[in-house]
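Written below as structure tokens is the structure these notes are about.
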């Protein structure tokens, strides 16, 4: 939070089941929410107020404090070894900087245009809207994003990342989770997995750069016909299928794998695909 | 307030941003809790060190002159390179090889490089790729050093995660271990391939990328189990 003006007002609600609180918060203030188990649903609205409603487990406590520049709220479990689910629904000023951390609780954010930092261990992250920055991290939870954040980063290990929208700067990373991107125009993107499959269907900005890296996941890239792009596809031990043009991949070193370098429609967007042994398919958008 | 809640307030406590009514209970807890006490001392140390840093750092007066002179030296070196002796041209590689040797001897984690040398001695293997995408000695030096750094950092993070394991749900620990095993298998496969094809720059880059992913996953997990 860091703001000198922050006032912390702790108000434990012993054995309280319901939460219904409000605090003033500037339209571009900051808010931190911690709730380990249950759900956190956040809506952006055009008021300089934070409002929270929800339910807690018996014996759990809810703390909320802060000032006009920043607000924090936490759920404290009566039994930290066996926390009960808390369900929080929070309304925040739309341009706020939002930070949410949970363990197994799912996070659902909509209509927040400011920056988002969302962390879960095994819950699911759902974001709808156009935050100007979005950083979403999970260990084994899924991440679903629908919107057009100009800058987006999403990471999971075994969870799936699904992005529907557009972005000028996007990066997605998993270990075994699949990454599915389906959307509008991208200027720059980087998608990397270890064994997770990568599926990309979108429009490539002519001056953009696009990197796809995997060890053994399947890579499927679909772009509209006549997209100007320069491809560099290298596979150490996997096959490459090119359905975008007549260019054929050449065998890789030692007769294994394959390589394909080509300019489509005169070249343009730089597309780099690297895989150890995952099959790669380039095709036109259906 | 319990330990879990107070952990989230320590930064505001140290920077003096807690109001008096919250400050009292937090101070009482810190006095009784060794973990929070250590965290507060650590935060105070960071603040103290940050306060000692100069507001701005001016480059030394001779900096620009030195930079200009270095650029001129490089220009002359490039011009003279056409007439350089064979020994001069190989000097950077000899230096690189010396650094590789030092790195190899300094770590047990460089079986990769030793393997790659053995593979290079196999006459039945096709000649190493000599095109521009092939790895140079300098690339191998950089990678060997980078790999040693990764291995050290991974060991530190593993130690941290082992100590924090009880804070995670058993199913999350199992899932995390499965993910790390997946990464390790990919690293092993790529390392074996690099041993057969040591001049493959792309393999080196992929291997570096996989190491980075492993470190990133371990770091993120460690941070998840800490307070905000």
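Things worth noting here:
- Any chance residue A:100 is within 14 Å of chain B (Cβ to nearest Cβ) and modelled with pLDDT under 95: no
- Condition met for residue A:179 (buried (at least 19 other Cβ atoms within 10 Å of the Cβ), in contact with a strand residue (DSSP E or B) (Cβ under 8 Å, 6 or more places away or on another chain) and more than 22 Å from residue A:148 (Cβ to Cβ)): no
- Per-region count, the stretch A:210-259, residues outside any strand (DSSP E or B), touching a residue at least 24 places away in the same chain (Cβ under 8 Å), farther than 20 Å from residue A:189 by Cα and within 14 Å of chain B (Cβ to nearest Cβ): 3
- Hits in the stretch B:192-226 (condition: more than 7 Å from chain A (Cβ to nearest Cβ), surrounded by 17 or more Cβ atoms within 10 Å (Cβ to Cβ) and part of a loop (DSSP other than H, G, I, E, B)): B:198, B:199, B:225
- Scanning the stretch A:116-140 for residues that are farther than 13 Å from residue A:165 by Cα and either part of a loop (DSSP other than H, G, I, E, B) or over 12 Å from the mean Cα position of the chain (by Cα) (or both) returns A:120, A:121, A:122, A:123, A:124, A:132, A:138, A:139, A:140.
- All conditions in (1) more than 10 Å from the chain's Cα centre (by Cα); (2) assigned by TED's automatic domain parsing to the domain that holds residue A:229; (3) in a strand (DSSP E or B) hold for residue A:171, with the sole exception of (1).
- Count of residues meeting criterion [at negative phi and within 22 Å of the chain's Cα centre (by Cα)] in the stretch A:35-69: 10
- Selection count where residues are under 11 Å from the mean Cα position of the chain (by Cα), within 14 Å of chain B (Cβ to nearest Cβ) and not in a strand (DSSP E or B), scope the stretch A:144-158: 1
- Any hit, the stretch A:260-282, residues being within 14 Å of another protein chain (Cβ to nearest Cβ), surrounded by fewer than 14 Cβ atoms within 10 Å (Cβ to Cβ) and touching a residue at least 12 places away in the same chain (Cβ under 8 Å): yes
- As a summary of the residue check, residue B:57 satisfies the conditions (1) loosely packed, with under 15 Cβ neighbours inside 10 Å; (2) at pLDDT 80 or above except for the one numbered (2).
- Residue A:172 meets the conditions (1) surrounded by fewer than 19 Cβ atoms within 10 Å (Cβ to Cβ); (2) in contact with a strand residue (DSSP E or B) (Cβ under 6 Å, 6 or more places away or on another chain); (3) free of Cβ contacts under 8 Å to residues at least 24 places away in the same chain in every case but one. The failed one is (1).
- When the stretch B:158-183 is limited to residues that are within 19 Å of the chain's Cα centre (by Cα) and either at the interface with chain A (Cβ under 10 Å from one of its Cβ atoms) or over 18 Å from residue A:156 (Cα atoms) (or both), the one that is surrounded by the most Cβ atoms within 10 Å (Cβ to Cβ) turns out to be B:183.
- In the stretch B:1-20, the residues that are surrounded by 13 or more Cβ atoms within 10 Å (Cβ to Cβ) and either part of a helix (DSSP H, G or I) or at pLDDT 85 or above (or both): B:3, B:4, B:5, B:6, B:7, B:10, B:11, B:12, B:13, B:14
The values are calculated or read from the model by the stated rules, or taken from the named source; none is laboratory data. Source: prediction; values computed, not measured. Note: ideal-geometry Cβ built from the backbone for every residue, glycine included; neighbour counts use all protein chains shown.
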